[in-house]
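Quick notes on the structure that follows.
Each reported figure results from applying straightforward, stated rules to the coordinates on display, with no laboratory input. Just so you know, these numbers come straight off a predicted model, no measurement behind them. Cβ placement follows ideal geometry from the backbone for every residue including glycine, while neighbour counts extend to all protein chains displayed.
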Amino acid sequence: MADLDRLDALARAYDTEVHKIRQALQAFGAQMWAGLPDYRDDAIDILAAAVVPRVLAGQVQTAELTRAYLVECASELGLSTDVPPVNRQAVTTMRGVPPTRVYRRPGLTVWTALSQGKPVPAAVDAGRLRLEQLIGGDLQNAKRVQSRATMQASGGQYYRRVLTGRESCALCVVASTQRYHVKDLLPIHPGCDCSVGPLPPGMGMDQVIDEELLEAVHEAVAAATGASDRGARSPDYHDILVQTEHGEYGPVIAFKGTRSSRRKVLETRAAAAAPPGKPPRKPPAPSSAASGKSGGRRPQESAEERYTRQRRLKSDLSALEPSKTLPREVLESHEIDFLERFEARGERARWIRRDTRGYTSTNDFTWLTNGEIVCELKSTTAKYSSIKSHIQDAVLKARDNHGVVKDVFVIDLGPRRLTDKLRTQLSRYNANIKDGHIRRLYVMSSDGADLVEISLV
């Protein structure tokens, strides 16, 4: 019988290492971008010449780590560990486009934005974001291609999508509840950083492998669309999600159409299903979850859109503004969502800038209205195993890799309630683990209506 805790530990260790590569390369790219004298052809050529060989090396390194991780998983599952070495050409040439041409695209993004009337800072920021997405996409593709090659060689049949918690949008969460056959490539989206985990024999028999998480997905779909059932028929998830074939990336997952077009589909389906002689019932208007104020993700929210929301916040975000040596830092959507609900309660925070030079782990914010304690934020589902994993991973990675203490956590459950059962489970967090203890734990739930400290035993 496979040790599932061992498989989870392998997945966490693997994710730590591949994320270091991604983080370092994206930081290098951002630094190069900020140092360009302009964004004309000559400057972009210099950028591409510096970035491309590093990305190619990062792809190979990522593939080597992926192979090593999956060989360890195969050993744990009793599968074959006699797998071929990394095929460097396969993991670096999936796009089918010369990389020097690919990495000229951020310059084109700048000039396109300027031609549309956008101000220079916004255009430059759009180019930087494009560069970071290209780097992340190339590394993710290397991970994906090598995952399939190694899993097929080991003799496994099925795998699951492993969420990292950093870029896990709604699409990834839906996909993570299902099992997939190893012959299929892992569909991705811009910014995706998911990994794969081979499933032990017997776990791949059912299509749904995480009923609890799928239930949370149903709730989110209902909040966003106004309709859901537990058979995923109303709405049909095929009316919401689509998998397409990208010419360079391969299979890509996305939301089908805009929110308004999806609502028209739902309304049409509801009208067709209405009993004769009765007017069709119109789905209720989206709740605040659809706007992001209840913890709902905005998978397509741009950096400029996030920055606009960020500027409306009342907390101290001065550390995120640009300086002579540092670019502007824009918070993630879930961080802004949290702060909006946090501030609505009268609370205030001072946000801590990420270390993009030394790549040292940092806490997220100082809680100004609570004794100026330094806190780490985790936005997650109301599932104890997920919360425990997020906390423990953060504590251990910060301590072991960077010598940084993270011992005060704020868990943001978005629209979900803090049940008595979950409160009891969280109170025993320290008692249930051998390593990764924390000092204080807070939970915000019910769209910010409740914010409580958990009494740790």
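A few remarks follow.
- With the simple model of a label 7 Å out from the Cα in the direction of the Cβ, residue 57 to residue 440 spans 4.4 nm.
- Pairwise FRET efficiency - residue 372 versus residue 80, Cβ, R0 = 60 Å, nearest 0.05: 0.65
- Take the Cα of residue 362, step 7 Å toward its Cβ, do the same at residue 118, and the gap between the two points is 2.5 nm.
- Descending by average beta-carbon neighbour count within 10 Å, the peptides 381-390, 35-44 line up as 381-390, 35-44, the highest first.
- Amide H within-cut-off set for residue 352, under 5 Å, with H built and near neighbours excluded: 365, 366
- Measuring r between the beta carbons of residue 89 and residue 5 and using R0 = 41 Å, the FRET efficiency lands at 0.65.
- Over 29 Å (Cα to Cα) - which of 20/434; 324/378; 383/406; 20/421; 314/421 fall in this group: 324/378; 20/421; 314/421
- Amide hydrogen neighbours beyond the local backbone of residue 450, cut-off 5 Å, H modeled: 445
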